[in-house]
Structures are given as C-alpha cells and as structure tokens.
Amino acid sequence: MRRTLTMAVVAAALLVPGGPLPVAVAGAGSAAAPVAVGRWSAREAQSFWTAERMASAAPLPPVPPGLVDPAPPELPEPPEPAEPVEGDPAEPAASADPAEAIPAATPTPVVTGLPVPSATPAATPTPAPTPTPTAVATPTRAPSAPAPAPLPAPARPAVPRLPALTPGIGQNFDGIPVAGRMFLVKSGGTYFCTASVVSSPGRDLVLTAAHCLLGSDTQQVAFVPQYTRAKPQPYGMFPVLRDAAGRSKIWIDPRYRSQGIDRAAALDVAFAQVGPDARGFPVEAVVGGNRLKTGAGYAHARVTLIGYPASAARPRVCVNRTTKFTSADARIPGSFLRIDCTGYPGGTSGGPFLTGYDARTGTGDVVGVIGGWKTGGDKADTSYSSYFGADIRKLYEKAVAGAKARR
C-alpha cells in the first residue's frame, strides 16, 4: 500500500533485474548466507527466516509506479510422447537400403525318405544312468525393513475468537490460521506482506497482491500462517517453491508486469505455490483454506478484513461493508472494492477480504485482497482491492494447472 515512508526506504524499493541471490541480507534484516538457487525446502526456509529476522522484516516499500517487470520465461512443457508405430513395437525399423529391407529367404529343409532298415539290426544302446539330483540349499530371504509409520494427520487448528468489532474500527488480535505473513528478500532487504491460503486441488496455493511479489530479485519467499511476534511459527513455515532455474513459482497476470502497477491496477493479484512444511504436510491440510469467489459484485454488507500492519506484533482485523469505487484518474483506470477500516498501513497489502466468515473453521469466501488502486490506497484508514472477475478466475485456473504440472 502507498503509505507515508521515508525517501531512504522508498529508494530501497528499486528492483534490481536478475542476478544471483544476495550474499548478505542487509537493510531491514540481518546478514545471512545465500541459499542454493535450486533448493528451498521448509527446513531451509526455517533456517533462514529465524524469529529474529522475521521480527526485523519491514513492510514492503512502495513499488515505483513506472516499473515494468518483464514476465519470467515460462517453463518448457514436457515433450509429448512419440506416436506409436503401427505393427509389432519390437519389430526393427525398416532400413533405407532396399537390399537390407527385404530379408534373405530362409532355405527350406529337404525332406528325405525314411531310412531303409539294415539287414543286421543295430545294437540297442544302453541308457546312461540317471544322475541322482543333488540337494540345493534354498537361500534364506533377509527380512525386509518395516515400512515407516505414516505421520499422524495434522491436528485441527484452534481458531481464536474474533474480538467484539465495531464496523470500520480495526483491532489487533491473535490472528487466524488461514492468514499470515509472506516473507521475502528484495533488493538486499527483508520484507513482508500479508497472504492467505486459498483452497485448491493440490492444497498448496496462497493468495496475495501482485505488487508484493514483483521483481526477478524477489527471493527466499516463505509463508508463515498466523504469525505473531510471540509465536513466530505456530503452524510451521511453507516455502514458495522454485523451479530448476531458481524462479519462484508465482502466477501474476502478464499485463500487470508489462503495463505497471497503475495502468494494470485492476490485476493486482498473485497466486504462489508453497511446498509442504517440515513434516511433509501441505498448507491447506494444516490450516485450511478460503474459497475463491469471483463475479460476486462490489457491494458486500459485511466483509472481514485481515492484515499485518507495519511494525505491529500481531495482525489486525476489522469488519465493514464494501462499496464500488471507480477511479477518476486516467493513469489508474478501473473499478475497485473499497472498505473503510482504521489502521491498515504498509504490510497489510495482500490481506484478504472475506465474506461469509465462519468462526468455527476460521475461513470464508475471499472476494479481494488489499491492493489495486494505488496498491491498496494512500491512506491507512481506507483500503482497496482489484475486482475478482473473470481475469482473476483465469489466473487461478492457470495457477492450479501449473502447480499440478510442476509437482
């Protein structure tokens, strides 16, 4: 979100195109050794994102409006299997040489007449004695190692009760399992946004704002559900997976990258595939997931808004109605969801707009994320979201297909 920040922090937001992982993480966080490009497991993420580093991470600074972020090259699709050749697959291919293509004829055996019996009968041969079979020792099969016992299913997360809420007034609270902080390294600094789990067939997708994950130097990305300073990893850590080239598995509409955060503000949405936790469980199996809802309109009578504000030790929650906001600024075209909730500065970008929140499961229907117009708004007490319509549904479907293909 475009909140008031110092010029020094704004300068730190300039993106460095390409390049290896930072050798030392400075600025907002403390120094650390780089992680190998092709590796980024839950244990490695936990080793990097210590409690101290997470506590010292800063809200992501504003992205320069004129930034153009070329989309990373798509991973090559696996080659299609060759079409089967008709006939016997074991038959060798025909040679180009006609002489070898036609096999030589096999000579037909000549059948002769039966032998004429001799006048003197031949001696009957004595059969050779049948050898006595020698007993062969049967090797004893070594006992196989017992199969490892399956891990117990994750315990159902305890969902804290929301505080008594007055519409439009935000309050800090202990959070809910399905929402958390998204930590990342960018331009040599450690930063965070807000993200939440969205239900998917692979149970491994999280949702945030696209402006949080722009830049080819965005690295060491990890999602921590229900982060608080007092309990930094109540449900573990889930690393955003990488491909073989070290690129994070993130889906952002290419128009948002090419047109920029203002011109394409209506597409400020990103999905990311996260790997399992250190025990091997997918994120949705551990904390649950919100349901993506598209085409639901702009006006909702009651939306629950969750975000991680600036240096606060805990997340923030607020309920209020949403309205339709149509930008009058030709540089930022489009219509957006708008909600008035106090106390949502930088860091809350990517926080979910939830309708139908279920206090028992701690989940709801996600109809927006803080972002869009001026990357979420220029005032801490009013937030915006890109509209979740057909474009966001297509992006979600692309993420689902991509996550399935790259597991």
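The values are calculated or read from the model by the stated rules, or taken from the named source; none is laboratory data. Because the structure is predicted, anything quoted here is derived from the model rather than measured. No Cβ is skipped: glycine too gets one built from the backbone with ideal geometry, and neighbour counts run over all protein chains shown.
Yes or no, residue by residue, for (1) in contact with a helix residue (DSSP H, G or I) (Cβ under 9 Å, 6 or more places away or on another chain); (2) assigned to a helix (DSSP H, G or I); (3) farther than 23 Å from LEU184 by Cα:
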residue	(1), (2), (3)
ARG321	no, no, yes
ALA328	no, no, yes
PRO333	yes, no, yes
ILE339	no, no, yes
TYR344	yes, no, no
THR348	yes, no, no
ASP365	no, no, yes
LYS374	yes, yes, no
GLY402	no, yes, no
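Looking at ARG263, ARG279, ARG255, ARG291, which one is under 22 Å from ALA42 (Cα atoms), of a type outside the set (S, T, N, Q) and either surrounded by fewer than 22 Cβ atoms within 10 Å (Cβ to Cβ) or touching a His at 6+ places or on another chain (Cβ under 9 Å) (or both)? Break it down stepwise before answering.
Values: ARG263 fails: under 22 Å from ALA42 (Cα atoms); ARG255 fails: under 22 Å from ALA42 (Cα atoms); ARG291 fails: under 22 Å from ALA42 (Cα atoms).
Just a single option satisfies the conditions, and that option is ARG279.
Examine region 192-205 for a residue that is in contact (Cβ under 8 Å) with a residue 40 or more places away in the chain and more than 16 Å from the chain's Cα centre (by Cα), and state whether such a residue exists.
Restricting attention to region 192-205, the residues satisfying the condition of being in contact (Cβ under 8 Å) with a residue 40 or more places away in the chain are 192-205.
Remaining after also requiring more than 16 Å from the chain's Cα centre (by Cα): 192.
Yes, because at least one residue in region 192-205 is in contact (Cβ under 8 Å) with a residue 40 or more places away in the chain and more than 16 Å from the chain's Cα centre (by Cα).
Return a yes/no flag: does region 192-205 have any residue that is more than 20 Å from ARG291 (Cβ to Cβ), surrounded by 24 or more Cβ atoms within 10 Å (Cβ to Cβ) and touching a strand residue (DSSP E or B) at 6+ places or on another chain (Cβ under 9 Å).
Taking region 192-205 and keeping what is more than 20 Å from ARG291 (Cβ to Cβ), we get 192-193.
Still in the running and surrounded by 24 or more Cβ atoms within 10 Å (Cβ to Cβ): 192-193.
Going one step further and asking which of them are touching a strand residue (DSSP E or B) at 6+ places or on another chain (Cβ under 9 Å), we end up with 192-193.
Yes; the residues of region 192-205 include at least one that is more than 20 Å from ARG291 (Cβ to Cβ), surrounded by 24 or more Cβ atoms within 10 Å (Cβ to Cβ) and touching a strand residue (DSSP E or B) at 6+ places or on another chain (Cβ under 9 Å).
Among the numbered criteria (1) outside any loop (DSSP other than H, G, I, E, B); (2) under 14 Å from VAL178 (Cα atoms); (3) among the β-branched types (Val, Ile, Thr), which single criterion is violated by THR361?
(1)
Can you name the residue in region 183-215 that is out of contact with any Asp or Glu (no Cβ under 9 Å at 6 or more places or on another chain) and β-branched (Val, Ile, Thr) and is also farthest from VAL269 (Cα to Cα) among such residues?
Out of the qualifying residues, it is THR190.
Which number in (1) buried (at least 22 other Cβ atoms within 10 Å of the Cβ); (2) at pLDDT 95 or above; (3) within 23 Å of the chain's Cα centre (by Cα) marks the one condition that ALA390 misses?
In the conditions (1) buried (at least 22 other Cβ atoms within 10 Å of the Cβ); (2) at pLDDT 95 or above; (3) within 23 Å of the chain's Cα centre (by Cα), ALA390 misses (1) alone.
Scan region 300-321 and report the pairs whose first residue is within 12 Å of VAL367 (Cβ to Cβ) and whose second residue is assigned to a loop (DSSP other than H, G, I, E, B), with Cβ atoms within less than 7 Å and a gap of 6+ or a chain change.
LEU305/CYS341; LEU305/GLY351
Please work out which one of (1) out of contact with any helix residue (DSSP H, G or I) (no Cβ under 9 Å at 6 or more places or on another chain); (2) buried (at least 20 other Cβ atoms within 10 Å of the Cβ) is the condition ALA270 fails and give its number.
Single failed check for ALA270: (1).
Mind checking which residues of region 281-306 are in contact with a strand residue (DSSP E or B) (Cβ under 8 Å, 6 or more places away or on another chain) and under 12 Å from VAL178 (Cα atoms)?
Once the filter is applied, which keeps residues that are in contact with a strand residue (DSSP E or B) (Cβ under 8 Å, 6 or more places away or on another chain) and under 12 Å from VAL178 (Cα atoms), region 281-306 yields VAL283, GLU284, VAL286, VAL287, GLY288, GLY289, ASN290, ARG291, ILE306.
Residues in region 247-268: is at least one closer than 18 Å to LYS404 by Cβ, touching a Pro at 6+ places or on another chain (Cβ under 7 Å) and not in a loop (DSSP other than H, G, I, E, B)?
So the first thing to find is which residues in region 247-268 are closer than 18 Å to LYS404 by Cβ, and the list is 247-251.
Applying the additional criterion that residues be touching a Pro at 6+ places or on another chain (Cβ under 7 Å) yields 247.
Filter once more, so that each one left must be not in a loop (DSSP other than H, G, I, E, B): none.
No, region 247-268 contains no residue that is closer than 18 Å to LYS404 by Cβ, touching a Pro at 6+ places or on another chain (Cβ under 7 Å) and not in a loop (DSSP other than H, G, I, E, B).
Go through region 165-183 residue by residue and tally those that are assigned to a strand (DSSP E or B) and surrounded by fewer than 24 Cβ atoms within 10 Å (Cβ to Cβ).
Initial filter on region 165-183 (assigned to a strand (DSSP E or B)): 171-172, 179-183.
Applying the additional criterion that residues be surrounded by fewer than 24 Cβ atoms within 10 Å (Cβ to Cβ) yields 171-172.
Residues meeting the conditions: 2.
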